[in-house]
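Written below as structure tokens is the structure these notes are about.
Since every read-out is calculated from the coordinates, none of them should be taken as a lab result. As the structure is a prediction and not an experimental result, all values here were calculated from the model. Note that we place each Cβ from the backbone using ideal geometry, even for glycine, and neighbour counts take in every protein chain shown.
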Amino acid sequence: MEVWALEAYGSAYCLQELLTIKSDDVLGRIKVYEAIVKGDNIPEPGVPESFKVLMKEMQALCI
């Protein structure tokens, strides 16, 4: 429900951050932490682990 509210409000970047870096993008969290410590720009978020799991499950079902 919160995702729908953010989508309706038009905050796409906040929603992307919540669903990737702050959620389950393991490598993304590490890269963001390193960028913050070094003072660099924050990199683009990657693919969440939940999406990778979904893809593997679909491959297992031959879909």
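Mean sequence separation of contacting Cα pairs (under 8 Å, at least six apart), scaled by the length of the stretch 2-60, corresponds to a relative contact order of 29 percent. Which parts of the stretch 29-45 would a label at Y13 reach, counting a residue when its backbone N lies under 14 Å from a point 7 Å out along Cα-to-Cβ? Within reach of a label on Y13: 41-45.
Show that you can apply the helix-only estimate: for the chain, add -39,500 (n - 2.57) for every DSSP H stretch of four or more residues, divide by all residues, and state [θ] at 222 nm to the nearest 500. Intermediate values should be presented prior to the final figure.
Values: 4 runs with 41 residues, N = 63.
Using -39500 (n - 2.57) per qualifying helix, the result is -19500 deg cm²/dmol.
The charge dipole of the stretch 2-60, taken about its Cα centre with unit charges on the Cβ atoms of Lys, Arg (+1), Asp and Glu (-1) only, comes to about 160 debye.
Among K22, K31, K52, the largest mean-square fluctuation in a Gaussian network model of the chain (Cα springs under 10 Å) belongs to K52. Under the rule a/c < 1.5 gives rounded, and otherwise a/b versus b/c splits prolate from oblate, where does the chain land using the Cα gyration tensor? Since a/c reaches 1.5 but b/c is at least a/b, the shape of the chain is classed as oblate.
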